[in-house]
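The block underneath contains the structure these notes are about, expressed in structure tokens.
Bear in mind that the values in this text are calculations on the coordinates, not laboratory data. Values in this document were obtained by computation on a predicted structure and should not be read as measured data. Glycine also receives a Cβ, built like all others from the backbone with ideal geometry; neighbour counts cover every protein chain displayed.
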Amino acid sequence: MFSKSGKGKDVATPRICDVVWHDGEFIKWNDARVHVMSHVLHYGSSVFEGIRCYATKRGPAIFRLREHMQRFLNSAKIYRMDHEWKIDDFCDASVELVRRSGLELGDEAIEKGVDVCVSSWNRLTPNSLPAMAKSGANYMNSQLIKMEALLNGFAEGIALDDRGYVSEGSGENIFTVSNGIVNTPPLSSSVLPGITRDSVIQICRELGITIKERTIQRAALYVADELFFSGTAAEITPIRTVDRIQIGSGERGEITAKIQKVFFEITSGERQAPGPWLTYVSEQRARAANQPATGTADNDGNSKAEKSGGSSVTPTMETKLVARAAR
Ligand SMILES: Cc1ncc(COP(=O)(O)O)c(C=O)c1O
């Protein structure tokens with residue numbers, strides 16, 4: 001892996017919990033391994049999700065868990081991955097993992113905005129790799145975009161689609177604000193259907209701000225009044241320059257600030273969300289709470305993991321949970 005300095009660097013695996021959910025069982029962190037010859041390692045044949053858990057007055061709350069798990073299942077379906085799991089299984093497992101992790105924290109400032117560039121790398125073409133699946137393989141494209149940006153002194157790169165229209169960042173969706181209207185590229189511009197993107201769209205509707213999904217030219221980025229990224233990791237991050245061109249006043253714009261404020265009010269549980277967006281961990285039924293943190297055998301004496309491992313492409317389904325504090 002590459003670092004900002006251009007020198008090789010290992011990316012540490014964040015350990016967020018002592019256990020890992022593996023095919024219906026909670027196994028010890030150190031027992032969760034893949035073989036060096038596994039398909040997923042060589043061919044990127046994984047699908048995954050990145051989900052945030054917020055600290056609220058009612059305890060940890062997972063943001064839009066069901067929507068993330070629906071996208072997870074969609075990604076698996078697109079790649080013909082066979083499995084026996086239902087959306088509730090994944091939701092329950094996530095709740096239980098957060099419960100076991102004891103996580104409550106983490107914070108970062110996202111007021112000032114970031115300096116970004118337009119990448120020389122294009123986003124995936126719809127007929128090569130489906131951008132709407134969150135598959136491991138797609139992230140080689142993301143890494144090229146990100147590495148180039150970092151090496152050139154930017155925080156992030158914006159990729160164009162194969163036609164030259166704005167697509168998204170390496171790990172974020174993008175929004176422009178021009179003349180009071182909020183715009184974001186449509187899914188046909190090879191963007192991941194971001195859960196945060198959808199949240200921004202719904203928040204705009206609630207606030208009476210006009211929101212349009214439409215193709216965006218690169219030049220429209222430079223002349224926008226405001227720009228911001230959305231994503232589970234980025235949350236809502238203002239963009240202050242693109243290719244060293246100042247966007248608007250060079251500070252977080254008024255509409256961006258308004259959307260950001262409402263977003264954080266919702267994620268902290270202080271404001272009613274447009275839907276059931278928060279899963280309060282401590283208020284969920286402790287379905288799997290008594291399961292041991294080691295592999296257990298079923299009535300046949302076989303580990304469930306061995307029994308269910310029959311997929312044609314050896315999928316590795318992984319859920320990453322990121323915790324952050326309420327503002
Ligand atoms: C390529 C890409 N686009 C957009 C996003 C934002 O999606 P979400 O809001 O669901 O995190 C992500 C993050 O997962 C991503 O990796």
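Report the local net charge at Val262: Lys and Arg +1, Asp and Glu -1, summed over other residues whose C-beta lies under 9 Å from its C-beta. It works out to a net charge of +1. Counted over region 114-267, the DSSP beta bridges are approximately 65% antiparallel.
Toward the positive end of the charge dipole of region 62-188, with +1 on the Cβ of Lys and Arg and -1 on the Cβ of Asp and Glu, the farthest Cα among Met132, Ile181, Phe154 is that of Met132. Dividing the alpha-carbon radius of gyration of region 114-267 by the rule-of-thumb value 2.2 N^0.38 Å gives 0.95. The trypsin sites (Lys or Arg not before Pro) of region 168-240 include none that meets both conditions, a loop assignment by DSSP and at most 10 other Cβ atoms within 10 Å of the site Cβ.
Residue by residue, region 216-228 carries 3J(HN,Hα) couplings of 10, 6, 3, 4, 5, 5, 5, 9, 5, 6, 8, 9, 8 Hz when phi is fed to the Karplus relation 6.51 cos²θ - 1.76 cosθ + 1.60 (θ = phi - 60°); x denotes Gly or Pro.
In loop segments of region 14-114 as defined by DSSP, the trypsin sites (Lys or Arg not before Pro) with at most 15 further C-beta atoms inside 10 Å of their C-beta are Arg15, Arg33, Lys57, Arg58, Arg80, Lys86, Lys112. Less than 5 angstrom separates the built amide H of Glu168 from those of Ala159, all sequence-distant by 5 or more or on a different chain. Cross-link check: pairs Lys57/Lys86; Lys57/Lys112; Lys86/Lys146; Lys28/Lys146; Lys86/Lys134 evaluated at a Cα-Cα cut-off of 23 Å; pairs beyond the cut-off: Lys57/Lys86; Lys57/Lys112; Lys86/Lys146; Lys28/Lys146. Determine the sum of side-chain charges near Asp243: Lys and Arg each +1, Asp and Glu each -1, restricted to other residues whose C-beta is under 13 angstrom from that of Asp243. Within the 13 Å Cβ shell, the charges total 0. When you restrict to C-alpha pairs under 8 Å that are six or more residues apart and normalise by the size of region 114-267, the relative contact order lands at 24 percent. Across region 45-50, rounded Karplus estimates of 3J(HN,Hα) from the backbone phi angles (6.51 cos²θ - 1.76 cosθ + 1.60, θ = phi - 60°) give 8, 10, 10, 7, 9, x Hz, Gly and Pro being marked x. Distance from the alpha carbon centroid of region 100-176 to that of region 205-251 works out to 14 angstrom.
Here the Karplus relation 6.51 cos²θ - 1.76 cosθ + 1.60, evaluated at θ = phi - 60°, turns the backbone of region 128-138 into coupling constants of 10, 10, x, 5, 6, 9, 8, 9, x, 4, 4 Hz, with x for every Gly and Pro. Taking the Cα centre of region 114-267 as reference, the dipole from Cβ charges on Lys and Arg (+1) and Asp and Glu (-1) amounts to some 180 debye.
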